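Beneath this line is the structure, given in structure tokens, with notes to follow.
What follows is calculated from the coordinates using simple rules that are stated; it is not laboratory data. Quick caveat, the model's predicted, so the values are computed rather than measured. Glycine also receives a Cβ, built like all others from the backbone with ideal geometry; neighbour counts cover every protein chain displayed.
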Amino acid sequence: MKKLLSILLASLLVVGILGACSKQETSDKKKVLVMGTSADYKPYEYIDSAKSDEIIGFDVDIAKYIAKELGYEIKIKDMDFTGLLAAMEAKKVDFVMAGMTPTAERKKNADFTDIYFTAKNLVISKDGAVQKVEDLKGKTVGVQTGSIQEGKAKDIQKATEIKITDRNRIPELFEELKAGRVDAIIIEDTVAKGYLAKMSELKSIEIPEAADEAGSAIAFPKGSKQTEEFNKVIKKMQDNGEMEKLIKKWFGDEQ
Ligand code: ARG
């Protein structure tokens, strides 16, 4: 009887341990979050095709850091910028990180984290054809579809007569400018930098605007509890120097 009891106890113990193990296993298996991005935005997110087909950049590093802190695994889905928020609403991606500015319009359908980086907008033309915004009069201006730069062009259009033409990917805009099919393009300074360094015939001017108008934040579906979770880690990264480190890594020292 005693023997039977101890066998029973031992097997209960084994079952218990096994149970605990499998429970451990499921909680160890990280929850996957799908990040939607538009990988045409070096140095935020892009593919360095000479090296690999992996999407890399400032946003990707931040996303990975946050995911590690919170115990998530990140999978990245690349698509055109203009379709990102709709893809999130359709639950095809869990969040959007694409150097995206939290505009009032976008906030109607998405929640945004705090801004983690702020840039400026430039008007870029060939051989300095545009010295000031007014010089755009009568010219064709290229912008990325669905971007705040498209909004900027529309603002300019209210005051000056310009023709706006849009493209889905940033490299296409530079192609159009080079080929002379557009007279100018509106691009964020950090993204323009790499192109300006390579194409000496391109010249840029800054568009005067409020500092927070070209900031980047992460978008989540309305009411998501992850917005706050992510905000805490963004704050931590700003406090512990990690954000500064990544800004230096991807934008260079002068930022
Ligand atoms: N900051 C601008 C916006 O929110 C442009 C972002 C474009 N991002 C990209 N990955 N192409 O509209």
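The Ile115 and Glu89 beta-carbon pair, evaluated with R₀ = 35 Å, returns a calculated FRET efficiency of approximately 0.95. Computing Rg and the Kirkwood Rh from the Cα coordinates of region 39-128 gives a ratio, Rg/Rh, of 0.99. Most fluctuating residue of Pro221, Pro43, Pro171 in a GNM of the chain with Cα springs under 10 Å: which is it? Fluctuation is largest for Pro171. When the C-alpha to C-alpha distance is required to be over 19 Å, the pairs from Lys77/Lys235; Lys120/Lys193; Lys126/Lys193 that qualify are Lys77/Lys235.
Give, rounded to the nearest 20 debye, the magnitude of the charge dipole that region 38-169 has about its Cα centre when Lys and Arg contribute +1 at Cβ and Asp and Glu contribute -1 at Cβ. Spell out each step's value before the answer.
On the way: 22 positive and 23 negative charges, 92 e Å.
Charge dipole, region 38-169, about its Cα centre: 440 debye, nearest 20.
In terms of overall dimensions, the C-alpha atoms belonging to the chain reach 99, 37, 32 Å along their principal axes, ordered largest to smallest. Among the DSSP helices (H) of the chain, those spanning at least 27 angstrom by Cα along their long axis with an average Kyte-Doolittle hydropathy of -1.0 or more are 2-28; this is a geometric and hydropathy rule only.
Given Gly138, Phe174, Ala219, which one lies farthest toward the positive end of the charge dipole of region 118-255, if we put +1 on the Cβ of every Lys and Arg and -1 on the Cβ of every Asp and Glu? Among Gly138, Phe174, Ala219, the one farthest towards the positive end of the dipole of region 118-255 is Ala219. What percentages, rounded to whole numbers, describe P(r) for region 107-236 computed over all alpha carbon pairs with 10 Å bin width beginning at zero? Going out from 0 Å in 10 Å bins, region 107-236 shows 12, 39, 28, 15, 5 percent. Using a Gaussian network for the chain with springs between C-alpha atoms less than 10 Å apart, which of these wobbles most: Lys126, Lys51, Lys31? Result for the chain, Cα springs under 10 Å: Lys51 fluctuates most.
State the antiparallel share, in %, of DSSP beta bridges confined to the chain, rounding to the nearest 5.
Working: 20 of 36 bridges.
The antiparallel proportion sits near 55 percent.
Label-to-label distance for Lys107 and Lys222 is 1.4 nm, based on points extended 7 Å past Cα in the beta-carbon direction.
Close amide H pairs (under 5 Å, H built 1.01 Å from N) link Tyr44 with Phe58, residues at least 5 positions away or on another chain. Comparing Phe112, Met97, Ser125 along the charge dipole axis of region 47-135, the residue lying farthest to the positive side is Phe112, per the Cβ-charge model. For region 178-225, the direction-averaged projected area of the alpha-carbon convex hull comes to 5.7 nm².
Full extension of the chain between Glu161 and Thr145 gives 3.8 nm of extra length, using 0.36 nm per residue less the Cα-Cα distance.
At a 10 Å Cβ-Cβ cut-off, how would you order Ile185, Ile76, Ile62, Ile115, fewest neighbours first? Let's see the in-between values first.
Numbers: Ile185 28, Ile76 19, Ile62 25, Ile115 16.
So the ranking, lowest neighbour count to highest, is Ile115, Ile76, Ile62, Ile185.
Close amide H partners of Val34, meaning residues 5 or more places away or on another chain with modelled amide H under 5 Å apart, are Lys75, Asp94, Phe95.
What does the charge count around Gly57 come to, taking other residues whose C-beta lies under 12 Å from its C-beta (Lys +1, Arg +1, Asp -1, Glu -1)? Intermediate results must be reported in sequence, preceding the final value.
Working: positive: Lys42, Lys64, Lys249; negative: Asp40, Glu45, Asp48, Glu54, Asp59, Asp61, Asp78.
Every neighbour counted, the sum reads -4.
Among the listed pairs Lys108/Lys152; Lys108/Lys248; Lys31/Lys92, those with a Cα-Cα distance over 26 Å are Lys108/Lys248.
If you take every DSSP beta bridge fully contained in region 97-233, what fraction is antiparallel? Give it as a percent rounded to 5. Spell out each step's value before the answer.
Working: 15 of 22 bridges.
Percent antiparallel among DSSP bridges in region 97-233 is about 70.
When +1 charges are put on Lys and Arg Cβ atoms and -1 charges on Asp and Glu Cβ atoms, the dipole computed for the chain relative to its Cα centre reaches about 1100 debye. Taking amide H as placed 1.01 Å from N in the peptide plane, Ile162 has its amide H under 5 Å from the amide H of Gly138, each at least 5 places away in sequence or on another chain.
Computed extension gain for Lys154 through Lys132, at 0.36 nm per residue and net of the alpha carbon distance, reaches 6.3 nm.
Rounded to whole numbers, the Karplus 3J(HN,Hα) couplings from phi for region 86-97 are 5, 5, 6, 5, 7, 6, 7, 9, 8, 8, 10, 9 Hz, using 6.51 cos²θ - 1.76 cosθ + 1.60 with θ = phi - 60°, and x at Gly and Pro.
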